[in-house]
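One structure below.
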Amino acid sequence: MIKPILQDDDFIASVHAAQPGKLHLWWLGQSGFLVKWQDTHLLIDPYLSDSLTQKYAETEKPHVRMTERVVAPERLDFIDVLTSSHNHTDHLDGETIIPLIKVNPALTIIIPRANLDFAAKRLLVPSSRLSAIRSDSGTLMVGPFKFHALPSAHEQLEQDENGEHKFVGYVIEVGGRTIYHSGDACPYPGLAERLKNWKIDLALLPINGRDPARQVAGNFNAGEAVSLGWEIQAGMLIPCHYDMFEFNTVTPDAFVQLAKLQAVSQCVLKNGEQFSL
């Protein structure tokens, strides 16, 4: 099993030691990230449990972990805001978020409006406890973080009866920088045009999908992630959504090679590793 480059006490120490004046980010595995600006902390799609391993243990797709957990959620007692991009458990995990709520009573949890009732049931809270954001037009401000929700296509754009998207990506403005986290996503007409409304300094994109040979779909593959980064002129690409489960992973090698060919800046992180702007 892969051991995170920073884990438990070392990981916590790294977060607390990160100095003001820079935007800091740590990869938590899968599509999970911790972002720090000044003394404010954001979690994006954290998965810090073994709930899926347990759930699918006796099925045709056992979710065997490849990488040890970076940190237990109950140790993260300094989180101000958390986002979920959609309802899949590795992006909305009750065994991660419920402990986080207990140790962060004032935690703001941002959920796509289409998923509000589902998320409330999974997290064992009233829907009023969650902050719903509209897709494609919604904006929320939490401390120094400004959130915009854009539709994401998990193969297709899925909407509820009110036209709200069930899968979203977040554009996050903070400290004069802009982050795009796509959630589970693949290309669709108009995505790049939406993103060109901002100067994206850092794009966090999955690279494990769209591969018929592995019978995997639903996310960018390496080439699609690099192409989007090139089209929106992102300052930096960081790949994610691999090295978590044995049945659904890739290496980042093709991503790195393609980024070099297209002169797209990229940084491949190890689980628990820090990146600063």
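Where both bridge residues fall in the chain, DSSP classifies roughly 65% of the beta bridges as antiparallel. Taking a sphere under 14 Å around the Cβ of HIS16 and counting the other residues whose Cβ falls inside, with K and R at +1 and D and E at -1, yields a net charge of -3. Among PRO62, PRO252, PRO112, the largest mean-square fluctuation in a Gaussian network model of the chain (Cα springs under 10 Å) belongs to PRO62. Reported value for the range 83-203: 108 Å³ per residue, from the convex hull of its C-alpha atoms.
Ordered by the count of other Cβ atoms within 10 Å of each Cβ, fewest first, HIS241, HIS24 give HIS24, HIS241. Evaluated with a Cβ-only charge set (Lys, Arg +1; Asp, Glu -1), the chain carries a dipole of roughly 500 debye about its Cα centre, given to the nearest 20. Each Lys or Arg adds one and each Asp or Glu takes one away; over the other residues whose Cβ falls under 12 Å from the Cβ of LYS270, this sums to -2.
Arranged by the count of other C-beta atoms within 10 angstrom, fewest first, what order do THR251, THR178 take?
THR251, THR178
Its Cα gyration tensor gives the chain an equivalent ellipsoid, and the semi-axes of that ellipsoid, as √(5λ) in whole Å with the largest first, are 24, 22, 21. Diagonalising the gyration tensor over the Cα atoms of the range 141-247 and scaling each eigenvalue by 5 before taking the square root yields semi-axes of 22, 17, 13 Å, largest first. When Lys and Arg each count +1 and Asp and Glu each count -1, what net charge do the other residues less than 12 Å away from ALA149, Cβ to Cβ, add up to? After counting each charged neighbour, the total is +3. Among GLY163, GLY138, GLY29, the largest mean-square fluctuation in a Gaussian network model of the chain (Cα springs under 10 Å) belongs to GLY163. Stokes-Einstein D for the range 225-277 at 4 °C, 1.567 mPa s, Kirkwood Rh over Cα pairs, in µm²/s? Roughly 108 µm²/s, to the nearest whole number. For the chain, what's the relative contact order in percent, using C-alpha pairs closer than 8 Å and at least 6 residues apart? 19 percent. Taking PHE33, PHE78, PHE147 as the candidate residues, the one with maximal mean-square fluctuation in a Gaussian network model of the chain, Cα springs under 10 Å, is PHE78.
Only the coordinates and a few stated rules stand behind these numbers; no lab work does. In this text the structure is predicted, and so the values were computed from the model without any measurement. Cβ sites come from the backbone with ideal geometry, for glycine too, and all protein chains shown count toward neighbours.
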